Each structure stands twice: as structure tokens, then as C-alpha cells.
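Chemist: One structure coming up, written as C-alpha cells, with questions to follow.
The values are calculated or read from the model by the stated rules, or taken from the named source; none is laboratory data. Quick caveat, the model's predicted, so the values are computed rather than measured. With ideal geometry, Cβ positions are generated from the backbone for all residues, glycine too; neighbour counts draw on all protein chains shown.
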Amino acid sequence: MIVGATLAAPWSVLAYWLLGELPQQPELILIALCVGMSASGSVLLSATYPSAIVYMMVILTPVVVKCFLVLEDGEYRLLGALTISYGLFLLNCIHVCAKLFADRNRAIDELSRSLVETKAAKLDIEEAHKRFDDALRNMPQGLSMFDGDDRLVAFNRQYLDIYGLSPETVRTGMKFQDVFADQTLVPDIIDYLHSFKKRISALGYSNNTVTFPDGRVIYISYALNSNGGWVATHEDITQRKLFESRIEQLAHFDSLTNLANRNLFKDRLEEELARHRRIQTEFAVLLLDLDRFKAVNDALGHHAGDSLLQQVADRIRATIREVDLPARLGGDEFGLIALTGQSSSKNTISMLAMRLINAISAPYEIGDRSVVIGCSAGIALVPTHGERADEILRKADLALYESKSSGKNCVTFYSDDLAAKADQRNILEIELRDALWREEIEVAYQPIVNLSSGRVEVVEALARWQHSTLGMIPPSVFIPIAEEAGLIADLGVLVLAKACRDAKKMPDHIKVAVNLSAAQFAKSDVVEAVIFGLADTGLLENRLEIEITESVFLADDSRNLKTLEQLRKLGISIALDDFGVGYSSLSYLTAFPFDKVKIDKSFIANIDRRETGAVLSSIVHLSKALNLTLVVEGVETAHQLEELRSLGVTLGQGYLFGKPAPFSELDFGSRASIVGHETVSSAA
């Protein structure tokens, strides 16, 4: 508006100044010029409607004012009226032009916006293409896209690599069968194409797995497109399949022996039982437990134990049939489901079990060592002994327990007597707990005699259980129960306390020897129990002797050595019992300064053999060199006694000198007449 007024001002001033001063002809020229300028300028300025109106009004208003108000002549009034009418007409023209300009501007604006939007859309499309290309290039899977005419629309390098396709020969627009023209994996590529297109047309998606001759496994997932084509992802899942196979292996197979584990064994047992219920098949379940494995494992180390278990597994596999399922159930226990068809022969299963036992019991080579173990087996038959998994396993386990209790290296079939025996054992366990709580376990003492003087020097404390209804229960029965039930530590503490009380009443020169098992070292504070027993009775420390076996070292070498050292510092003597029956007893003689070594009774039983005499003679010399007192157990005859005396053995223990007896029946007198020294005083 300011621009319009500024442009029109000179003309309006000129018209107002000259109008009435000029002759008529020049005035008309002036009027024409003003009107022409108002018209042309208004049209030019009509794109901005207000400026055009101001421009026109500024030029024509002075003309009208002067004609009507200043020059009071009729001709000038007529000229003013004509100017007003012209202004009105011009105003309408300005409005029309302004509308045209406005429409043009809107069109230009819309076109500009459209161009901007088009440019933005183009950028978005380019960005989308870039992202799509990046996604294709960087995605781990191969991708291919075909249209409704089976022509290749898009693909990535991974797709080519998976199928060994050349980037020089594969391009968009190729037919599916042309892309794979050189493949040999699928005999009929057209039939394959029609087959999977039919599947994805029906469901909208499909997938399949292709295994290549080189072992690679490719998983393909198809999805239907709206144009009748499809997009597919191709993933190499070879490693995943290997991992899944490994996980499956770990879940169902023992990692050490590669036999089935307990979980798979139970699953297969359930399957065979279900099969039995359908078609009445019969089969047997065998449980195998290695004898003396723990001693090998502890003596030679876990690496040797693992190697032994692997060799045992190999022998089991070599002995059974392919249809049978062997399993490692844990530790040194194995299982076997032996399929026998429609009818099983107990004799056939027994022969299989004995073949397994013989195979397992043959010598093994572990490093540079030759190792011999045994095997015990328990068998339950389906359906003879039951048709439930838990029932069959329990009964096979009872049969196995019977084999191990019967001397090992044998096979036992389940019978109802075993169940009754197990029930009796459970009752004995409960009653043993009660007997321990009531301190009803008694202690008997067996003398250890000096073979030169016949004098009793030590008595060994032995636990005895006088049952109220069953009478005397031998240690061979209740000691294993105590060990399996976790009562052995309580039993040992009770025997120790009673032995200390009885020793206080014995002659001052008599020592009392108490056996402590590896379980007591593991489950109780041995030092505390010993200190309490001595303090409670006032027994001198040098009158107590602790007997241990090498199993104490095998259980926890460093911890138990520390315990033994603490006991020795108290002034208590330590004896190594059952020497010569383990794997590495000699090493223990140097690992700890024992006071005494007790030779196992198995040596004295074969004392007439030259080899036994030579070994005993070596042990006597070794004990003297190490300043150890030597005791030989199991002396029962005068001949054995003479042989021991000739070898220079110091002490002896056995029925020849006295059986275990209660404290009230002990005789501490000299055994001089027995050892051949009748002149020695019997005043003990």
C-alpha cells in the first residue's frame, strides 16, 4: 500500500496543481495521463490488491476533488463524474486481476509444495533404497525375491555364496530355473518350484531344510507376496544343528563314556514298558557296580579313574547287542536294558551278566600300571518282577546290593527274599539309631601280645551290638549299616568314650587302641572327640592309641594329615591298620610318622608260602629302619607264631592270644606259655 501511494503521489499532485490552470486541450491530456497511469499501475499492482486500490485512489481522488469542489464549472463536474465512474470500473478490473493473481499464486504455491514433497519423497525413496541395500548387504541370511512370473527381483551376496552362484551370471529378471540351471541337488527343479509354490499359495508361507553333500544344512523360509511372487530367506544352520546335536548329546548321554545317561535310561525304560503293555514283550534291567573302583580312583588319581570308566564302557558295548541300551547311571554304576523278545530265558540273561562281569573284570592298562577291578550285577525281569519303572529299578538295585554283600563279582536276580532282607535292614538302621542314642552299643577288647615276653601291651576296642531280640549282631552287619546311614561318626565317638572309661580301670601299662574310620574324619571333629574322651575320664594321652587305615589318606590327604599331626602332638600314638592290602601303603609310611604298623591277617594265612615269608621279612626290616613297632593280625596257631618270632615280629594279635571279650572278662595276665616262655612272670 505504501508503494502504491508513493508511485501515485507525483501524478495526483501534478493533476491537482495543473487542473484548471491549463487550456482545455492540455487538461484533457492531463486527465488522460492520470487515468492511464491509474489504470496501468493498478493492473500492475493488482497482484497485491490493497496496493492497487491505494495507487488508483491516490491518483484519481485529487482529480475528483478539484472538479467537484474547486472548479465549480459544469463541464468539470461532468469530468469528475466520469472519473468516478471510471474509478468504479477500474476498481472492478483491479478485483478481477487480483483474483487471477491470487489464483496464480496459489497454483505456484501448490506447485512449489508439490515439488518440495516430490523432492522429499524422492529422497525418502532413495534413503529407503539405501537402507534396503544396506540391509541386503549386511543381513546374515541370504535373501531372494521373485515376482509372480518366477523372475528374480532382488537378492544379496549371501544368497549367491550359500548356493555357490556366480555374481557375473546371476542378475535380476532371470527365471528361477535359470538361476539354478547348474545345480545337481534337486533332480527336477521345475517340479520343486511348483511344489513349494503350491505350499506357499495355500498357507501364505512355507519352509524347508536342504542338506548339501558337504554337510551344510540350509533353512529356507518362504513368504507369499501380493503380486503372486515370494520372498525367501536362506540361513546356513549347520553350526546350530551341531550345537543342537551337542546339547542333545549332553542332555541324554554321559560326556565321559558316551553311554546313555540316567535320564535317557529312564526314558527308554518307560518306552519299553509301554511297548510291553502293547505287545507283551519281555526284557531285563541289569544294574552293574564296579568293585574296588574307588581304591583305583583314589590311589591313581581321577584321570586314571576316568580312563578306567571309558574302557569299562567300551567293554560293555563290545559285549552286548546293538538293540540293548547301556547307560552310565553315575559314578561307577552302569545300567543295561537287555531286550529279549517275546520270551526271556533267565539262564540267557544270567549268561549275559556273567559275560559282562568277566569282560569288566579282565585286567586294564592305565598308563604304565596294570589294574584289576571287579563287577557286581543285579537283575530284575519284566514282567516277572513288575511293570513300573520305579519298581523295576528298585528291585534291580536290591539284587545289586545283594551281589555286593555276597562277596562281589557275582550276579543276583531279584527275589522276594531280598525285599524282606531290605526291610529287615531298614528296621536294623532304625534300631541302631536308637541303640546309639541309648548308648547300648558295647565294647569288646582283644589283646595285642608281645611275642617275646607274652605280655599284653595293648587291647583293641571293638564295637559289639547285643540286640534285645536278635541277640549278638556281628560288626560285619551293623558297621556297613552305620556307614551307609551316616551313623559311623556317632558310633566311633561312643566307642572312643567307652574305651577311655574302661582303660582308666585297666593296669597302667595297658594301652587301648580305638579304630577311627575315614567317615569319622570327614563327619566329625576327631581331635575334639579325643580331647573330650581323655578329659572326661582323666586317661593319660600316652595310653590311647588311634588306629586308621589308608582310606583316611585317600579321603582327604592334607586335611586328615593335619588332624593326625594334632593328635600326635597331644601324645597319642598312631597306628596304620590293614597294612599291605591297599594300593600305596608304602607311600603313607613316609607321609606321616606312624608309631605302629599292623599287618593284615591275609598275610599270616599264607605264611607257609615262600613269597609271603619274603614280603613279611622285608616289612620287618623296613619297620626297624623306620623305627616302627610291627603288629601281625590273625595269629591263630602255634606254627604261625613260631614263624613270626623267627622273622623278628614284635607284637601279635589273634585268637591264639584271646578272642574279643567284654571288659569284665579281660585277662591281663602274661601269655608266656603260649609264646614259649613259661618262666616269664604272669604278674601283669
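Chemist: Can you find, within the stretch 456-484, the residue that is nearest to the chain's Cα centre (by Cα) among those that are closer than 20 Å to TRP437 by Cβ and in a loop (DSSP other than H, G, I, E, B)?
Modeler: Looking at residues that are closer than 20 Å to TRP437 by Cβ and in a loop (DSSP other than H, G, I, E, B), I get LEU470.
Let's see how each residue does on (1) touching a strand residue (DSSP E or B) at 6+ places or on another chain (Cβ under 9 Å); (2) within 29 Å of LYS241 (Cβ to Cβ):
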| residue | (1), (2) |
| --- | --- |
| ALA128 | no, no |
| GLY142 | yes, yes |
| ARG157 | yes, yes |
| THR169 | no, no |
| MET174 | yes, no |
| GLN177 | no, yes |
| ILE189 | no, yes |
| ILE200 | yes, yes |
| ASN207 | yes, yes |
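Chemist: Tell me, please, whether a residue that is within 36 Å of the chain's Cα centre (by Cα), at pLDDT 90 or above, within 23 Å of HIS276 (Cα to Cα) and crowded, with 18+ Cβ neighbours inside 10 Å can be found in the stretch 348-359.
Modeler: As a first pass, look at the stretch 348-359 and keep what is within 36 Å of the chain's Cα centre (by Cα): 352-353, 355-359.
Add one more test, that the residue is at pLDDT 90 or above, and what stays is 352-353, 355-359.
Filter once more, so that each one left must be within 23 Å of HIS276 (Cα to Cα): 352-353.
Narrowing the set further to residues that are crowded, with 18+ Cβ neighbours inside 10 Å leaves 352-353.
Taking every residue of the stretch 348-359 in turn, at least one turns out to be within 36 Å of the chain's Cα centre (by Cα), at pLDDT 90 or above, within 23 Å of HIS276 (Cα to Cα) and crowded, with 18+ Cβ neighbours inside 10 Å.
Chemist: Still on this structure, please answer the following. Identify the single condition in (1) outside the structural domain of LEU451 (by TED's automatic domain parsing); (2) in contact with a helix residue (DSSP H, G or I) (Cβ under 8 Å, 6 or more places away or on another chain) that ARG671 does not satisfy, given that it satisfies every other one.
Modeler: Every condition holds for ARG671 apart from (2).
Chemist: Within the group SER195, SER201, which residue is among the polar types (S, T, N, Q), within 13 Å of ILE220 (Cβ to Cβ) and assigned to a helix (DSSP H, G or I)?
Modeler: Working: SER201 fails: within 13 Å of ILE220 (Cβ to Cβ).
The conditions single out SER195.
Chemist: Continuing with the same structure: Confirm whether ALA522 is under 35 Å from the mean Cα position of the chain (by Cα) and of a type in the set (A, V, I, L, M, F, W, C).
Modeler: Numbers: under 35 Å from the mean Cα position of the chain (by Cα): yes; of a type in the set (A, V, I, L, M, F, W, C): yes.
Spelling it out, ALA522 is indeed under 35 Å from the mean Cα position of the chain (by Cα) and of a type in the set (A, V, I, L, M, F, W, C).
Chemist: A further question follows. Of (1) in a loop (DSSP other than H, G, I, E, B); (2) modelled with pLDDT of 85 or more; (3) of a type in the set (Gly, Ala, Ser), SER112 satisfies all except one. Which?
Modeler: (1)
Chemist: Please enumerate the residues belonging to the stretch 265-293 that are farther than 14 Å from LEU393 by Cα, touching a residue at least 60 places away in the same chain (Cβ under 8 Å) and outside any strand (DSSP E or B).
Modeler: HIS276, ARG277, GLN280, THR281, GLU282, ARG292, PHE293
Chemist: Just name the residue that is modelled with the highest pLDDT out of those in the stretch 485-507 that are under 39 Å from the mean Cα position of the chain (by Cα) and outside any helix (DSSP H, G or I).
Modeler: Here the residue is LEU487.
Chemist: Looking only at the stretch 367-382, decide whether some residue is touching a Phe, Trp or Tyr at 6+ places or on another chain (Cβ under 7 Å) and part of a helix (DSSP H, G or I).
Modeler: No, the stretch 367-382 contains no residue that is touching a Phe, Trp or Tyr at 6+ places or on another chain (Cβ under 7 Å) and part of a helix (DSSP H, G or I).
Chemist: Read through the list (1) at pLDDT 85 or above; (2) closer than 17 Å to SER221 by Cβ; (3) not assigned by TED's automatic domain parsing to the domain that holds GLY228, then give the number of the only condition that GLU117 fails.
Modeler: (2)
Chemist: Can you tell me which of ASN227, ASN258 is surrounded by fewer than 12 Cβ atoms within 10 Å (Cβ to Cβ), touching a residue at least 40 places away in the same chain (Cβ under 8 Å) and in a loop (DSSP other than H, G, I, E, B)? Before the answer, list the steps.
Modeler: On the way: ASN258 fails: surrounded by fewer than 12 Cβ atoms within 10 Å (Cβ to Cβ).
After applying the criteria, what remains is ASN227.
Chemist: Please indicate, with yes or no, whether at least one residue in the stretch 326-344 is part of a helix (DSSP H, G or I), in contact with a strand residue (DSSP E or B) (Cβ under 9 Å, 6 or more places away or on another chain) and assigned by TED's automatic domain parsing to the domain that holds GLU270.
Modeler: Pass one, the stretch 326-344, residues part of a helix (DSSP H, G or I): none.
No: zero hits.
Chemist: Mind checking which residues of the stretch 508-532 are surrounded by 15 or more Cβ atoms within 10 Å (Cβ to Cβ), part of a helix (DSSP H, G or I) and either without any contact (Cβ under 8 Å) to a residue 40 or more places away in the chain or charged (D, E, K, R) (or both)? Spell out how you get there, then give the answer.
Modeler: The initial filter retains those residues of the stretch 508-532 that are surrounded by 15 or more Cβ atoms within 10 Å (Cβ to Cβ), namely 510-524, 526-527, 529-532.
Still in the list and also part of a helix (DSSP H, G or I): 518-523, 526-527, 529-532.
The answer is ALA519, GLN520, ALA522, LYS523, ALA529, ILE531, PHE532.
Chemist: If you don't mind, another one. Within the stretch 599-684, considering only helices (runs of 4 or more DSSP H) that don't extend past its boundaries, which have at least 2 residues that are under 26 Å from HIS509 (Cα atoms), more than 59 Å from the chain's Cα centre (by Cα) and at pLDDT below 80?
Modeler: Filter on the stretch 599-684 gives 672-675.
Chemist: Being at positive phi and crowded, with 20+ Cβ neighbours inside 10 Å is the requirement here; does GLY454 meet it? Can you show your working first?
Modeler: Values: at positive phi: yes; crowded, with 20+ Cβ neighbours inside 10 Å: yes.
Yes, satisfied.
Chemist: What about ASP314, is it acidic (Asp, Glu) and in contact with a Leu (Cβ under 7 Å, 6 or more places away or on another chain)?
Modeler: Details: acidic (Asp, Glu): yes; in contact with a Leu (Cβ under 7 Å, 6 or more places away or on another chain): no.
So ASP314 does not fit the description; no.
Chemist: Then there's this: Return yes when GLU402 is in contact with a strand residue (DSSP E or B) (Cβ under 6 Å, 6 or more places away or on another chain), assigned to a helix (DSSP H, G or I) and of a type in the set (D, E, K, R) and no when it is not. Show your work before the answer.
Modeler: Values: in contact with a strand residue (DSSP E or B) (Cβ under 6 Å, 6 or more places away or on another chain): yes; assigned to a helix (DSSP H, G or I): yes; of a type in the set (D, E, K, R): yes.
Answer is yes for this residue.
Chemist: Conditions first: (1) among the small types (Gly, Ala, Ser); (2) at positive phi; (3) buried (at least 18 other Cβ atoms within 10 Å of the Cβ). ALA672 passes all but one, so which condition is the exception?
Modeler: Looking at each condition in turn, ALA672 falls short on (2).
Chemist: Ok, one more. Could you figure out which of (1) assigned to a helix (DSSP H, G or I); (2) within 25 Å of ALA299 (Cα to Cα) isn't true of PHE594?
Modeler: (1)
Chemist: Which one of these is assigned by TED's automatic domain parsing to the domain that holds ILE29, hydroxyl-bearing (Ser, Thr, Tyr), at pLDDT below 80 and surrounded by 10 or more Cβ atoms within 10 Å (Cβ to Cβ): TYR76, TYR55?
Modeler: On the way: TYR55 fails: at pLDDT below 80.
After applying the criteria, what remains is TYR76.
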